[in-house]
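Chemist: One structure, pasted below without further comment.
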Amino acid sequence: MLLHGSIMLPELPTIQPENHDTMAAAAAEEILDTPPAQSGVPAFFQTTMGKRIAVGGGIAIILALMVAVWMWSQAPEYRVLFSNYSDRDGGAITASLDQMAVPYKFSEGGTAILVPAEQIHDLRLKLAAQGLPKGGNVGFELMENQKLGTSQFLEQINYQRSLEGELARSIQSLGSVGSARVHLALPKPSVFVREQQKPTASVLLNLQPGRALDPGQVSAIVHLVASSVPELTIGNVTVVDQNGTLLSDTSNKAANGKQLDPTQLKYVDQVQQNIIKQVESIIKPIVGEGNVRAEATAEIDFAQVDTAAEMYKPNSPPEPQAIRSQQTSESSQPGAAASGIPGALSNQPPGVNAAPVEGQLPPGGQGAAGPSRKDSTTNFEVDKTIRYEQRPMGGIKRLTVGVVVNYRRIVDPKTGKVTVRPLAAAEVAQINELVKQAMGYSQARGDTLNVANAPFDGVDKPAEEIKPLEWWSDPANFPLFKDIARYAFVAAVIAFLYFRFLRPLLRPAIKKFDEATAMPEEEEIDEEAEEAAAAEAEAAAEEEIEEVEQQRRAQGYRANLKVAQDLAREDPRIVANVIKAWLGSNE
């Protein structure tokens, strides 16, 4: 019935819906018993099932976020396994990593393969056992797959390719070399000496970024190639880098040593630096650290001289002359000796023989015995000295050394005031002698030495203490700070998600679990007292439930009334069907 515009809802027995009117009445009752929907919240999530689904979904989302944050913090650090590899080597390496189930990724535009840092050394050893990377060069393994019927020309080409690949691999093992290519020109052998040609080789080097080869390393590469090819000389090996710079330049040798090569210049610098180091090391204990400066200039003789001398001199006067050999010869001829002017007149036959007068010589002044001759030859020993002298290159021709010593620095321990004074003459003389001994001074060689005592710039200023770096500003600790910050960020995010979202959602479930698993106190309770307490608790619970129900009904009355008024205003047909159902039930 209607009383003053309000609808009284008496408690009626449950009526099974038999027709459209009864169904409408049941729907109206359900609408009246349902609490009003909150603005902006779907009606489904206000039901018990909807609330449970919403809580479960929220818990799942929060747990997923926490797990994602934790996995991000535990993500492995990737480092370069190989870089600047060929396409064939890259495919073989990635295929091997897939077989070993190792995660990897690419960087630097696909020119580097990255793997977890803790596995990099193990993977390099395993891939090296498989012969990876091969470096894009084919070695002597090319000769293992020879086909039947291969021509001699093809065998020679394969051998040359194999030799070039092996040389390239050997050169690539150097730390400064990224990659290398070797080209060999091997002429055909000939039985004629005039037609024989020497082999040549050219090497193209691709150096690592920021790296360079010194002359010693270039010479080592040249000797390596020359020693690997028969009859290949060092002068026929050419080495070029990726910038087109000729590294194996032999112009200095061809110029017959007219200018110093880099090796000689390096030797001169080493000699000078050694002298400076020796001078400063012997003076520092006397004047202190930072109070001595030395410079040296060395003139080095790089000429290689071979001298052979043979000297003769007579015996010394006190020594008797030693006879080495002596020869004497005598000869005589009987008859008249030839006399007169040579010519036709002298060749006339002799005249009539006449007996010589006693006491007279025959004509010609010669006796009856005829002419005679006597020769005597004597050889004496003479002193002889032969000397062979060979002076190696690199000898010191002349040294010039200059040394500057700072004034004596005196600090007052009380006031901290700094005063300076020059060294005494005896101290300067002592330093001068020590420097001569350290540098190997030679007056005959023309060495010069100058030791000066002068104040250095800023010598009168107080010494600045070098403070050690604090632990937070030490660059060595930056990786540790990075790890600490990452883990702290992860811990803060997980704690925020737990205390802000997960814990409030799990609080009802935790409370029910605690109540269900609460252990009763181990006390002997009287059964009657327990029953009485249970009855009292049951009665108190019923009273509390009744009070709560009354409060709910009181609170929901106005809301239900408003809903019924709105329903009657919007669709009066439903209200009429409800009233009709009531009237039918009263009958």
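Chemist: Per-residue HN-Hα couplings for the stretch 96-102, Karplus 6.51 cos²θ - 1.76 cosθ + 1.60 at θ = phi - 60°, whole Hz, x for Gly and Pro?
Modeler: Coupling constants for the stretch 96-102: 5, 5, 5, 5, 8, 6, 9 Hz.
Chemist: What is the calculated FRET efficiency for Leu224 to Arg194, with r their C-beta to C-beta distance and R₀ = 22 Å, to the nearest 0.05?
Modeler: Once rounded, the FRET efficiency stands at 0.10.
Chemist: Under 5 Å between amide hydrogens, which residues at least 5 positions from Asp447 or on another chain qualify, with H placed 1.01 Å from N in the peptide plane?
Modeler: Residues meeting the amide H criterion: Leu399, Ser442.
Chemist: Over 30 Å between C-alpha atoms is what I'm after, so list which of Lys277/Lys414; Lys198/Lys266; Lys414/Lys436; Lys188/Lys266; Lys284/Lys414; Lys105/Lys147 land there.
Modeler: Going by Cα-Cα distance, Lys277/Lys414; Lys198/Lys266; Lys414/Lys436; Lys188/Lys266; Lys105/Lys147 fall outside the 30 Å limit.
Every number in this text was worked out from the coordinates using simple rules, so none of it is lab data. Everything numeric in this text was worked out from a predicted model, so none of it was measured. Heads up, the Cβs are rebuilt from the backbone with ideal geometry, glycines too, and the neighbour counts pull from every protein chain shown.
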